[in-house]
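Engineer: This is the structure I have questions about; it appears just below.
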Amino acid sequence: MASTGARTLTLLALLEARRYWPGDELAARMGVSARTLRRDVERLRDLGYPVEAARGVGGGYQLGAGASLPPLVLDDEEAVALVVGLHVASDATIAGVAESSVRALTKTLALLPPRLRARADALRTTTVVGTWRGGVEIAPEILDVVARACHDGVRLGFSYTARDAATSERYVEPYRLVVLARRWYLLAFDIDRADWRTFRVDRIRDPRATVGRFTPRDAPDDPAAFVRGSIERMPGRHEVVVDVASSAATVERRIGRWATVEPVDAARCVVRIASDELEWPILALAQLDADFVVREPPELVAQVATLGERFTRATGAVSARRDPAAD
């Protein structure tokens, strides 16, 4: 029979791997008697693990929710994955999570055996986590209220600031939280508008969950795809229309993720981009490696003309420096 310590770790691993174990099946899996199993369960409880027992014929064991976090038993791959996850979380957009992740990472590395520490530390020290400038942090208490409302299936009220800075009170049936490009979105059924809507969590203020549950509706099959589509369909302040001297397939490969491409013939297409700022469409068009003519809006026509003149002057200055006749 295995040592007491080894049996305790084995028991913990089995309880973590499965929601509920019948007592006789668990004892057989460990190769011990029912009496020994009960003693091992008591040892786990002494260590702080809340093991719940159902007595009688067909009784069994399961891990319950504890008041405190007891020690975890991780295999090699889980330990390395935990270190990498904590390292990446140091660039979290949730206020306070980055600092907590660094502290947890330090503690985890100190507890790893040398062979695992070498693997985890190699990944940690060679991975650079970049921070986006101008990122918007989310208050953890707001995220907590929204997540709990989704989990419990209760309606949620909150103040919402739209992209045009207009503020409104919303009352929704929350469904899922979706993370895209480091931003958190709430997918919910808007009761007043009688339709599914996407809300940026960093624009939510004063969330208030109700007590009564709602009857779940037929929700989108793929919440992430729905949110991504909502963002892509969202109108911008500028509707850009450009004629491009290139095939639609070529343009689609280069900037199709951010634009709508309509073929005219085999060598020409029309590109439409909705954008709040004009700098981004200019950067996208510069990637096409093709001639183009801006049709709309007039502001973009003027901005492209100004940039063209500026670049022409820049190349002219370079040519003058290189021309011996200019000396």
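Engineer: Taking the Cα centre as origin and putting +1 on Lys and Arg beta-carbons and -1 on Asp and Glu beta-carbons, what dipole magnitude results for region 174-293, to the nearest 20 debye? Provide the component values of the computation, followed by the final result.
Structural biologist: Numbers: 19 positive and 19 negative charges, 147 e Å.
Computed about the Cα centre, the dipole is about 700 debye.
Engineer: Same structure again: Once ligands and nucleic acids are excluded and a 1.4 Å probe is used, how much of Asp265 is accessible, expressed in Å² to the nearest 10?
Structural biologist: For Asp265, the solvent-accessible surface is approximately 70 Å².
Engineer: Rounded to the nearest 10 Å², what accessible area does Val84 show when all protein chains are kept and the probe is 1.4 Å?
Structural biologist: Accessible surface of Val84 is approximately 60 Å².
Engineer: Could you please put Trp184, Trp258, Trp21 in sequence from largest to smallest accessible area, using a 1.4 Å probe? Could the numbers behind the result be given before it?
Structural biologist: Working: Trp184 60, Trp258 120, Trp21 10 Å².
Greatest to least solvent exposure: Trp258, Trp184, Trp21.
Engineer: Related question: Provide the solvent-accessible area of Arg203, counting protein heavy atoms only and rolling a 1.4 Å probe, rounded to the nearest 10 Å².
Structural biologist: Solvent-accessible area, nearest 10 Å²: 60 Å².
The values are calculated or read from the model by the stated rules, or taken from the named source; none is laboratory data. Just so it is clear, the structure is predicted and the values come from calculations on it, not from any experiment. All Cβ positions, even for glycine, are placed from backbone atoms using ideal geometry, and neighbour counts span all protein chains on display. Surface accessibility is based on the protein's heavy atoms, side chains included, excluding ligands, DNA and RNA. Shrake-Rupley method; radii C 1.70, N 1.55, O 1.52, S 1.80 Å.
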